[in-house]
Amino acid sequence: MQPSLTRRQAIARLAGAAGAAAFAPSAIATSAHRKQLLVLFLSGGASQLETWDPKPGTKFGGPFRAINTSLDGVRIGELLPRTAKIMHRLAVVRSVNSNLPDHEKGHYAIQAGRLAPGYPVLGSAVAKLLEQPGDVLPGYITLRRAGPKAYTDTGDAGFLGAKYEGVRVIDGLPPENLIVPGGINAAALESRDAVRRAADQRFLRSHAKAPINGYSTTFDQARALMQRREIFDLKAEAPKDIERYGRHDFGRNCMLARRLLEAGVPCVRVVHFDWDAHQDNFYWHQMRCAEFDRTFVTLLDDLEQRGMLEHTLVVVTGEMGRTPQINNFGGRDHWGRAWSVAMAGCGIKQGIVHGATNDLGTEVKEHEVGIGDLFHTYLTALGIDSSADYDLNGQTNPIADPAAKPIKAVLA
């Protein structure tokens, strides 16, 4: 701090500049009239043959039937009976070819829309591109259970910097240390924070800005979450609603995702694990689909009833599909050449099935879609010009892969 300022004066000046109102609940943006993104990520790779693109009666079709849906002539796997009844509200792309039968590469590429490393994933890009003045909550939050491999969180903000990194919420619990330790009152907390800000300002005069600004952003977001800690309290939900979502990790996380969207978070991702069925594929898909089917429909219904679906894009994807061939362990292995993605809500036509695979599901037959095309489509549905560039200190970088393009057939 400058010698001409007393400690008390410095604290008062910085506290005034920071503005206590900046953290007041009334200053936190709400979800009204803003576009938002919800990604339901089926980690491990769901089988398209047991879900969106069944091939019953063929040598690779497996034991399950295809069932009629609310769309005339369109059938999906019998493990998704509730979803079948709302197919008229969805857009399904059956012709994705990422050609990436690898978890880590697939996780990054399907979310970044590129193979080249260092680009922001979809959640971080949306947090940046849909940012509004007054936003203090994190722009991108991932909900997941503890345990599985770290590749489920590959990527994040890339060159956009720390402000747009995803915040991970594990097992539905609030991030750690959101409660002020006992013995520290509000005045003491504000004084300490003011000293931190003073130190930041001093370092900014002679050091690179990006690391310091990123560090400061982390404090600001943490403080905003401290003041909105009630978002994470699912006890505020009626027991019957908890039952509707399901008393499992995916159900609780989807309910929490809805609450975060209501609070104004631009992008929320929910990770649903254990789709990587190299053995006992049909047993595992019975279990996984039973959770997903009920919770997915409940979540869409709630978003629609609250008037949120019209400005919220919902994407259902994984990092890959499963092989048509069934291995010696009754499993399906990694497959990137012909699989499916589903969408609903903001900017998406309802009741659309785009693209097709051949009779055995081994190859795309028509309207092949790449990872870059999907990325363009998501941004376009959210009202973002996917052909535009990021401007980073005078240097430009395309927001989406210039070699790809939006899928016009599924866009409203």
Any pair with Cβ under 6 angstrom, 6 or more apart, that starts in segment 325-342 at a residue that is closer than 18 Å to Lys105 by Cβ and ends at one that is modelled with pLDDT of 95 or more and of a type in the set (Ser, Thr, Tyr) = Asp333/Thr323; Trp335/Thr323; Gly336/Ser98; Ala338/Thr357; Val341/Thr317
key: Residue, nearest to Ile170 (Cα to Cα), within segment 223-237, restricted to residues that are open to solvent by less than 40 Å² (accessible area, probe 1.4 Å) and either modelled with pLDDT under 85 or not β-branched (Val, Ile, Thr) (or both)   = Phe232
inquiry  = Residue pairs, Cβ under 9 Å, 6 or more apart or interchain, first in segment 392-409 and within 24 Å of His367 (Cβ to Cβ) and modelled with pLDDT of 95 or more, second open to solvent by less than 40 Å² (accessible area, probe 1.4 Å) and among the charged types (D, E, K, R). List them.
reply    = Ala400/Arg114; Asp401/Arg114; Asp401/Asp373; Ala404/Arg114; Ala404/Asp373; Lys405/Asp373; Pro406/Asp373; Ile407/Asp373
query = Residues of segment 388-412 being assigned to a loop (DSSP other than H, G, I, E, B), open to solvent by 40 Å² or more (accessible area, probe 1.4 Å) and touching a strand residue (DSSP E or B) at 6+ places or on another chain (Cβ under 8 Å), which ones?
reply = Ala412
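Name every residue in segment 52-86 that is of a type in the set (S, T, N, Q) and open to solvent by 10 Å² or more (accessible area, probe 1.4 Å), in order of residue number. Give the steps one after another, and end with the answer.
Just the residues of segment 52-86 that are of a type in the set (S, T, N, Q), to begin with: 58, 68-70, 83.
If the condition is that a residue be of a type in the set (S, T, N, Q) and open to solvent by 10 Å² or more (accessible area, probe 1.4 Å), then Thr58, Asn68, Thr69, Ser70 are the ones that fit.
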message = Please count how many residues of segment 308-344 are assigned to a loop (DSSP other than H, G, I, E, B) and among the small types (Gly, Ala, Ser).
response = 5
inquiry  = Which of the numbered conditions does Leu360 fail, given that it passes all the others? Conditions: (1) part of a loop (DSSP other than H, G, I, E, B); (2) in contact with a helix residue (DSSP H, G or I) (Cβ under 9 Å, 6 or more places away or on another chain).
reply    = (2)
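For the subset of segment 203-222 comprising residues that are among the polar types (S, T, N, Q) and open to solvent by 40 Å² or more (accessible area, probe 1.4 Å), which member is farthest from Leu189 (Cα to Cα)?
By that ranking, first place goes to Ser206.
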inquiry  = Quick test of your reading of the structure: Cys346 fulfils all but one of (1) over 16 Å from Asp53 (Cα atoms); (2) open to solvent by 20 Å² or more (accessible area, probe 1.4 Å). Name the failing condition by number.
reply    = (2)
query = Counting only residues that are hydrophobic (A, V, I, L, M, F, W, C) and assigned to a loop (DSSP other than H, G, I, E, B), which one in segment 165-199 is surrounded by the fewest Cβ atoms within 10 Å (Cβ to Cβ)?
reply = Ile179
query = Between a first residue in segment 172-201 that is over 28 Å from Glu237 (Cα atoms) and a second residue that is open to solvent by 40 Å² or more (accessible area, probe 1.4 Å) and part of a loop (DSSP other than H, G, I, E, B), which pairs have beta carbons less than 7 Å apart while being 6 or more apart in sequence or on different chains?
reply = Leu189/Val180; Ala198/Met1
inquiry  = Within segment 28-36, does at least one residue satisfy the condition of being modelled with pLDDT of 95 or more and not in a helix (DSSP H, G or I)?
reply    = yes
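The values are calculated or read from the model by the stated rules, or taken from the named source; none is laboratory data. Treat the numbers as computed from the prediction; the structure is a model and nothing was measured. In this analysis, Cβ positions are derived from the backbone assuming ideal geometry, glycine residues included, and neighbour counts consider all displayed protein chains. What goes into the accessible areas is simple: the full protein's heavy atoms, side chains included, and nothing from ligands, DNA or RNA. Shrake-Rupley method; radii C 1.70, N 1.55, O 1.52, S 1.80 Å.
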